[in-house]
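Accompanying notes for the structure given below.
Read the figures in this text as sums done on the coordinates, not as results from a lab. Just so we're clear, the structure is a prediction, and the values are computed from it rather than from any experiment. Backbone-built Cβ (ideal geometry, glycine too); neighbour counts: all protein chains shown.
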Amino acid sequence: MSATPQPLATLRALVRTYPSALVGYSGGVDSALLAVVLRQELGRERMLAGVGRSASYPTAQWTTARAVAQRFDVPLVELDTHELEDPDYLANPTNRCFFCKAELWRRLVPEARARGLAIVCDGTNLDDLGEHRPGYAAGQAAGVRSPLAEAGLRKTDVRHAARELGLPVWDAPAAPCLSSRVAYGIPITSQRLAQVERAEAYLRALGVTGDVRVRHHGDHARIEVEPRWVPWVTERLTAVRERLTALGFAVVEVDPRGYRRGSLLTERAGRA
């Protein structure tokens, strides 16, 4: 009986069937792995990584995305996206990500067509398909493919493959858009996104590592960090409150439960 192919080998075999491709690229480990594999398998002239730039995209993430692309010689195009002009997105419903991704693909799919690139794809992995991912539906509607999921790569496979290829983001924490920190139903504004970005940057500057979220509940900020960091941040809460108050938050607290993936959605469901 033949051995089961390694996940990375399966991914390589899949993308080799593509005539050419554009990948929606954020610089996170999923899209970074896919971009590098596309570059290695298709060559520089047959692939492109597309970044959507807006106030919801963290500056630190953009810096990382550019650095990884440069290191691995991945050709890059940056396009402005305008989800903050969409009232459906600004209303911040639980399917907000659908409107964001719909806008992203409205920009990237025509870019791919104009450049003669046959396939448009994203970094969705197999584990993502079991989560609340309304943005995935927008990609499906736009004809976007998800090679990582198609090749059966789960998040652990992605990180292992990224490490194998020497990607510096192989163990980076997830970095969804800044709007994901704003409690559902509270309108998205560029000011609120800036508050979140500056608050999280401050915590990281203090030395906090791993998953960090400043959940925006209007005038109330709830800090979520990995459980090992909860006592550390709590001990420094006076200084943290002073800084976040200066950013416009009236109430600042540390969630004693620590970082919880999708906590805003869980809270919303609990109130329903």
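Each peptide in 181-194, 38-51 was scored by the mean count of other Cβ atoms within 10 Å over its residues; highest first, the order is 38-51, 181-194.
Which trypsin sites (Lys or Arg not before Pro) from region 68-132 combine a DSSP loop assignment with at most 16 other Cβ atoms within 10 Å?
Those that pass, being in a loop and sparsely packed, are ARG115.
Between helix 190-206 and the chain there is an angle of about 90 degrees, using the helix long axis and the longest principal axis of the Cα atoms. Once the Cα atoms are used to define both axes, helix 237-246 deviates from the longest principal axis of the chain by about 80 degrees.
In terms of packing, defined here as the mean over residues of other Cβ atoms within 10 angstrom, the peptides 52-58, 22-28, 205-211, 141-147 line up highest first as 22-28, 52-58, 141-147, 205-211.
Beta bridges from DSSP with both residues in the chain: antiparallel share about 25 percent, rounded to the nearest 5. Across the alpha-carbon set of region 102-255, the Rg to Rh ratio works out to 1.04, Rh being the Kirkwood radius. Rounded if a/c is under 1.5, else prolate if a/b is larger than b/c, else oblate: which is region 48-151, with a ≥ b ≥ c the root eigenvalues of its Cα gyration tensor? Rounded shape, in that the Cα axes give a/c under 1.5.
Dividing the helix sum by the residues of the chain, where each DSSP H run of 4 or more adds -39500 (n - 2.57), gives a mean residue ellipticity at 222 nm of -13500 deg cm²/dmol.
Applying 1/(1 + (r/R0)^6) with R0 = 35 Å to the Cβ-Cβ distance of SER190 and GLU150 gives a FRET efficiency near 0.45. Taking the empirical scaling 2.2 N^0.38 Å for compact globular proteins as reference, region 178-271 has a Cα radius of gyration ratio of 0.99.
Taking amide hydrogens as placed 1.01 Å from N in the peptide plane, the amide H of ALA49 sits under 5 Å from those of VAL23, LEU76, VAL77, each at least 5 positions away in sequence or on another chain. Rounded to whole Å, the principal axis extents of the Cα atoms in region 198-248 read 27, 18, 16, largest first.
So how much slack lies between ARG257 and ARG113, counting 0.36 nm per residue of separation and subtracting their Cα-Cα distance, in nm?
Between ARG257 and ARG113, full extension yields an extra 47.2 nm.
A straight chain from ARG44 to LEU237 at 0.36 nm per residue would run longer than the Cα-Cα distance by 64.6 nm. Rounding to the nearest 10 and keeping the result within 0 to 90°, find how far the Cα-based axis of helix 155-164 lies from the longest principal axis of the chain. Between the helix axis and the principal axis of the chain, the angle is about 70 degrees. Given +1 at the Cβ of Lys and Arg, -1 at the Cβ of Asp and Glu and no other charges, the dipole of region 218-257 around its Cα centre is 80 debye to the nearest 20.
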